[in-house]
1. What number of residues within the stretch 153-172 are touching a Lys or Arg at 6+ places or on another chain (Cβ under 7 Å) and under 17 Å from residue 214 (Cβ atoms)?
2. Given the criterion in a loop (DSSP other than H, G, I, E, B), surrounded by 14 or more Cβ atoms within 10 Å (Cβ to Cβ) and of a type in the set (Gly, Ala, Ser), identify the matching residue among 67, 33, 46.
3. Under the condition of being touching a Pro at 6+ places or on another chain (Cβ under 7 Å) and among the hydrophobic types (A, V, I, L, M, F, W, C), which residue from the stretch 8-37 is farthest from residue 52 (Cα to Cα)?
4. What are the residues in the stretch 79-110 that are in contact with a Lys or Arg (Cβ under 7 Å, 6 or more places away or on another chain), assigned to a strand (DSSP E or B) and more than 23 Å from residue 17 (Cβ to Cβ), if any?
5. What number of residues within the stretch 90-123 are closer than 17 Å to residue 156 by Cβ, buried (at least 23 other Cβ atoms within 10 Å of the Cβ) and touching a Ser or Thr at 6+ places or on another chain (Cβ under 9 Å)?
6. In the stretch 193-218, how many are within 22 Å of residue 55 (Cα to Cα) and without any contact (Cβ under 8 Å) to a residue 40 or more places away in the chain?
Amino acid sequence: MTKTLTLYRPDGMSILRWEDWTRPKREYQWKEGRSAMELAKAWFRGDTLSVPAELQTLLLSTSWLRGVKLLSGVPEKVTRLPQRGEGRNHDLALIGEATVHRLTVCIEAKADEAFGNETVAEYWRRAMKRRESGISTKAPERIQALLQMVGETGVPTESRWGAVRYQLLAAICGTALQAKLDSSSLAAFVVHEFHTDLTFMENLSRNHRDFERFVQTLCSDGITVAPNRLYGHFSVGGVDCFVGKVIAVI
């Protein structure tokens, strides 16, 4: 029997139209031309639910995912991260099957919103200042735990990951952790970028630089990073992970 793709809200209800999509935490983020709504629309470009062509092409670009078929997904899926605090919020978390592997795909949707406000080093310094001022926080332990997942030890400010956006570190680690929960042997973290009338080239360029630095840090070399290409695999917390970016021009 052929398995069909189904998306669910966190409450278990099926998503049958893009309007049924789970809303982001902040209502102002649900707006035409911005990432949350454009991601929802991308999965309903025709009359029924279907995988965006650019995402399907990306996943099929590696022999590791030959025959991949996405089966289910949940928008606004939250994966618990190490230590106390807020979990990793995936804009969309998906489960699929390839010829010989089970796969978890976690999507970060972007128009031209930044990958957070802080690098790993900046977040570490702020967390340590909070602790030194007497405020209880487990953020330093969380940062170190995430860095250990990508093979880093020692002081975060001296790490090669120090200049990487913390959101991207949390994203790849959250993807690996979700893959373990899904019993998946492979994982892919994908940025789905939307170019709309509301996006600005300087912001898109900034995001490209930040994503490129992230991929180069994973690869440990100075490769040129381009969209529509999967990079990897990399071991993150014991899970083989790929990363990539696709672009949709609206």
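Read the figures in this text as sums done on the coordinates, not as results from a lab. What you are looking at is a predicted structure, and each value in this text was computed from that prediction instead of being measured. A quick note on method: Cβ atoms are made from the backbone with ideal geometry, for glycine too, and the neighbour counts reach across all protein chains shown.
1. Our first condition is that a residue be touching a Lys or Arg at 6+ places or on another chain (Cβ under 7 Å); within the stretch 153-172, this holds for 157, 163-164, 170-171.
Checking which are under 17 Å from residue 214 (Cβ atoms) leaves us with 163-164, 170-171.
Total satisfying the criteria: 4.
2. Working: 67 fails: surrounded by 14 or more Cβ atoms within 10 Å (Cβ to Cβ); 46 fails: surrounded by 14 or more Cβ atoms within 10 Å (Cβ to Cβ).
After ruling out the rest, the residue left standing is 33.
3. Filtering first and then ranking leaves 30.
4. Of everything in the stretch 79-110, those that are in contact with a Lys or Arg (Cβ under 7 Å, 6 or more places away or on another chain), assigned to a strand (DSSP E or B) and more than 23 Å from residue 17 (Cβ to Cβ) turn out to be 79, 97.
5. 1
6. Number satisfying all stated conditions: 6.
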